[in-house]
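First comes the structure, then the notes that go with it.
The values are calculated or read from the model by the stated rules, or taken from the named source; none is laboratory data. Remember, predicted model here, so these are calculated numbers, not experimental data. Glycine gets a Cβ as well: all are built from the backbone with ideal geometry, and neighbour counts include every protein chain shown.
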Amino acid sequence: MIPIAKPIIDEDEISAVTAVLRSGIIAQGRKVEEFEGAFAEFIGTKYAVAVNSGTAALHIALLAHGIGEGDEVITSPFTFIATANSILFTGAKPVFADIEEETFNIAPDSVTEKITPRTKAIMLVHLYGQPCDMKRIMRIAQEHGLIVIEDACQAHGAEYEGEKVGSFGTGCFSFYPTKNITTGEGGMITTDDKHIAEKARMIRSHGQRERYLHEILGYNYRMTDIAAAIGLCQLGKLEDFNNKRIRNAKFLTGRLSGIKGLLPPHVRPNVKHVFHQYTVRITQDFGISRDELRAKLVDEGIATEIYYPRPIHKQPLYQDLGYNEHLPNSEKAAREVLSLPVHPSLTKEDLENVVRAIQGI
Ligand SMILES: *Cc1c(COP(=O)(O)O)cnc(C)c1O
């Protein structure tokens, strides 16, 4: 079976972890600090704050900006649930803007329509590894005095006009095993703002700057040195991993273009898309349904996945909260998307098998 995702863990990660275990300092310590420094340098921000998940990064980013009850945060409904849930954690209200049809990312026009006097921030998602339309979003944010939080959990190393995502607003990353790099579980916040970085560090560790002096409400969102040691190894390989994803995506698009009812991903000309996912649309013209296609690919030993089958405003949790709007592009995307394997450990033969299996239908 060709899996949809596969973390690449080599001997260097194993020996780095072993060294941390032998050192006796296994919770947050020097390795975490080293990982933060290396990650900030990679993204091009002054600060990076390591945490224990992407969800924690999003939650902390909102809290560090003072977002809470009475505030509205505009976000995409076509993403992993953590994006919107992190807004709920703070007591603020997620407000969903629709997405662009071609990129699956939040549509700037729809963001503008959703702004009210209560809007405090835009939490955008660089979905599948493709940057959002940052020029237009940053302009909207500036005009309306809004904070920008980037959910870059799928976009480590992605660039918009040569600048890495996570450096435009407050960046949030995840290191879950399916992501472009992993630490097992883990996350990171990136920022140029010293005050936000300091506040994030406090919230990460029960609101303390000084040991046992608790100035604000915080959590235990700390990363371990064990995870950071893995992260440092992985960060060194990220460019290589991303280059392989991009190469695999190019191969797939080259071979799958022109198939009726199958639309390969659209890549904007001014971005570096790092292909966390390679996501096609299967329309009615394809002949068989998306689910039938998935079943046939399983028979050929190829795993696929639907990210995401139900937009967040249609989730039971959100229906119970009273969300009942219609966001047509998000709902259409949920019906049509299918992600094919694109991860760096695919062989040429794997890729050819994927193409052959689809062409044979
Ligand atoms: C993975 C992911 C998250 C959450 O990250 P965790 O590390 O699993 O908490 C948030 N947003 C998006 C878009 C993601 O893909």
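For I74, the conditions (1) near the ligand (Cβ under 9 Å from one of its atoms); (2) surrounded by 21 or more Cβ atoms within 10 Å (Cβ to Cβ) all hold with the exception of (1). Scanning the stretch 143-153 for residues that are part of a strand (DSSP E or B) and within 16 Å of the ligand (Cβ to nearest atom), we see that the one that is surrounded by the most Cβ atoms within 10 Å (Cβ to Cβ) is D151. Restricting attention to the stretch 36-62 and to residues that are assigned to a helix (DSSP H, G or I) and over 19 Å from the mean Cα position of the chain (by Cα), the residue that is nearest to R204 (Cα to Cα) turns out to be G37. Every condition in (1) in contact with a Phe, Trp or Tyr (Cβ under 8 Å, 6 or more places away or on another chain); (2) modelled with pLDDT under 95 is met by I8 except one, and the failing one is (2). Which residues, taken from the stretch 108-142, are more than 17 Å from the chain's Cα centre (by Cα) and in a loop (DSSP other than H, G, I, E, B)? Across the stretch 108-142, the qualifying residues are I115, T116, P117, R118. Among the conditions (1) touching a residue at least 12 places away in the same chain (Cβ under 8 Å); (2) of a type outside the set (D, E); (3) part of a helix (DSSP H, G or I); (4) in contact with an Asp or Glu (Cβ under 9 Å, 6 or more places away or on another chain), L252 misses just one, which is (4).
Given the structure, is S86 part of a helix (DSSP H, G or I), farther than 15 Å from T183 by Cα and without any contact (Cβ under 8 Å) to a residue 60 or more places away in the chain? Here the answer is yes, as S86 does meet what is asked. In the stretch 329-338 there is at least one residue that is in contact (Cβ under 8 Å) with a residue 40 or more places away in the chain and touching an Asp or Glu at 6+ places or on another chain (Cβ under 7 Å). Just one of the listed residues (H276, H326, H266, H313) is under 30 Å from K31 (Cα atoms) and either outside any helix (DSSP H, G or I) or outside the structural domain of Q154 (by TED's automatic domain parsing) (or both), and it is H276. Selection of first residues in the stretch 182-208 that are free of Cβ contacts under 8 Å to residues at least 12 places away in the same chain and of second residues that are assigned to a loop (DSSP other than H, G, I, E, B) and more than 16 Å from the ligand (Cβ to nearest atom), restricted to Cβ pairs under 6 Å at least 6 apart or on distinct chains, gives the following pairs, ordered by first then second residue: G207/E215; G207/I216; G207/L217; G207/G218. Close contacts from the stretch 42-60, counting a first residue that is outside the structural domain of G162 (by TED's automatic domain parsing) and without any contact (Cβ under 8 Å) to a residue 40 or more places away in the chain and a second that is of a type outside the set (G, A, S) and more than 12 Å from the ligand (Cβ to nearest atom), with Cβ to Cβ under 9 Å and a gap of 6+ residues or different chains, come to none at all. Scanning the stretch 176-199 for residues that are of a type outside the set (S, T, N, Q), within 16 Å of the ligand (Cβ to nearest atom) and touching a helix residue (DSSP H, G or I) at 6+ places or on another chain (Cβ under 6 Å) yields I181, G184, G186, G187, M188, I189. Within the stretch 50-62, none of the residues are among the hydrophobic types (A, V, I, L, M, F, W, C), under 18 Å from T170 (Cβ atoms) and more than 16 Å from the ligand (Cβ to nearest atom).
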